[in-house]
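Colleague: This is the structure I have questions about; it appears just below.
The numbers here are math on the coordinates, done by the rules we state, and not lab data. Since this is a predicted model, take the numbers as computed values, not measurements. Cβ atoms come from the backbone with ideal geometry, glycine included; neighbour counts cover every protein chain shown.
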Amino acid sequence: MGFSMHGVIQVNLSASKWDIRQKVWDYMEENNLANFPRPVHRRIPNFKGAAQAAEYLPNLQEFKNARIIKVNPDKPQENVRFLTLEARKTLLVPTPRLRTGLFNKIVPPPGASKEILRVCSTAQGVKDFSVPVGLDARVHVDLVVVGSVAVSDKGWRIGKGEGFADLEYAMMVSMGAVDENTVVVTTVHDCQLLDIPEELMDDHDLTVDYILTPTKVIKTDCKRSKPQGIIWSKVDSEMMEKMPILKSLRFREKKAGKDVTLKDERLAGKQELPGLSHSRKWSGKDGSSTQIKTNPTEMTKNSEGSEEQIESGCKMQPTVPSRVTAVYMGNIPHSLRVSELKNILRDHNALPLRLNWQGAQHRAFLDYKDEVTAEEAVTSLTGLSISGSTIKVELAKSQRGNRSRSQTSKQPLV
């Protein structure tokens, strides 16, 4: 068997991606080349010298020219986030595991000192100083910075194996946020630089244009194309359930006439898009399937003035499903009327089972039939701006238990 000796880690030329990850993780642990969190296995390693590697970034002309930079939220790229904020660039950070959207914009307090900017760059700061960016936001990302487990000087990159960096980039392609001119940079320890067989690279794999280590800058001159968009045949129903933003993007691409057949749908020989048909069938791990209604449910008033559900023109019992999940909308302008909010919700395909209006407190609670539907609504409404006010939208499970319906005004959705 032949071996590659690029760098200090020996990689069997027939190695798989997982073999390479394991080699890198083991080597970094054995040689104490990483900081907290440890062990580095199954992580983007927080390598020693990460801050020094980041210091090369401001010297790149592509960084100087960039206005909007997207940086992953991992610990080793913390100094990258700080340097981006210090240079007064717009910093975007992906939402954790893409559960509630694609990315957030970090907004430091006005006149923030370096110390405050460093706080904004931490994981907690990303949570405390961020506002969501909706799918409809006209954002063009000029520079993307990602972490890696291994990378080659040809630009081939291997992440931790969950595919988030690849998927994030593909999503940005889908929403028009990146193009062929968007530069991708990774920061790694020198030991993470090794030969990676090109045969291991797939169409969905993100390549990099620059590699920054604590000791050098490598321009890869990578000729391989970056992901051209979401490859729906590699997405399965489980991923769709975990990342509601995928449903929104799939809905858009379906309307645009693109083939959005999922991996498991191809295997079943059947194409079906959640939200476009009257029901959808999900296959369980045991092979069982469940029919789930997907028609939008509206509320109206009967002659006695009580609320009841209307679905597909047929009256149903006025009972709320036990799994009902609430979504909180805050920072609602005082001038907004309930009827206007209903129209906005319809326009965003986010019509709830019930709307609890608290106009005096500039907020509303929207009840959806289950958590998946509620998360879809959060994704659809994320980044919503009304009369100049950015609306805060989030799941409101905790608030539901604390608020009394007697203090709210139940509004029929007609």
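Colleague: Can you give me the relative contact order of the stretch 73-213 as a percent, contacts being Cα pairs under 8 Å and 6 or more apart?
Modeller: In percent, rounded to a whole number, it is 22.
Colleague: Please report the net charge: other residues with Cβ closer than 14 Å to the Cβ of residue 54, K and R +1, D and E -1.
Modeller: +2
Colleague: Still on this structure, I have one more. Between residue 231 and residue 30, what's the calculated FRET efficiency when r is the beta-carbon distance and R0 is 60 Å? Round to 0.05.
Modeller: Efficiency at R0 = 60 Å is approximately 0.95.
Colleague: I'd like the Kirkwood hydrodynamic radius of the stretch 3-219, using the inverse of the mean 1/r over distinct C-alpha pairs, in Å.
Modeller: Kirkwood hydrodynamic radius for the stretch 3-219: 17.5 Å.
Colleague: From the backbone phi of the stretch 192-209, what are the Karplus-calculated ³J(HN,Hα) couplings (6.51 cos²θ - 1.76 cosθ + 1.60, θ = phi - 60°) in whole Hz, Gly and Pro given as x?
Modeller: 7, 8, 8, 6, 10, x, 4, 4, 6, 7, 10, 4, 8, 6, 7, 9, 10, 9
Colleague: Same structure, new question: Listed here are the pairs 17/48; 127/226; 105/392; 23/160; which of them are more than 18 Å apart at the Cα?
Modeller: 17/48; 127/226
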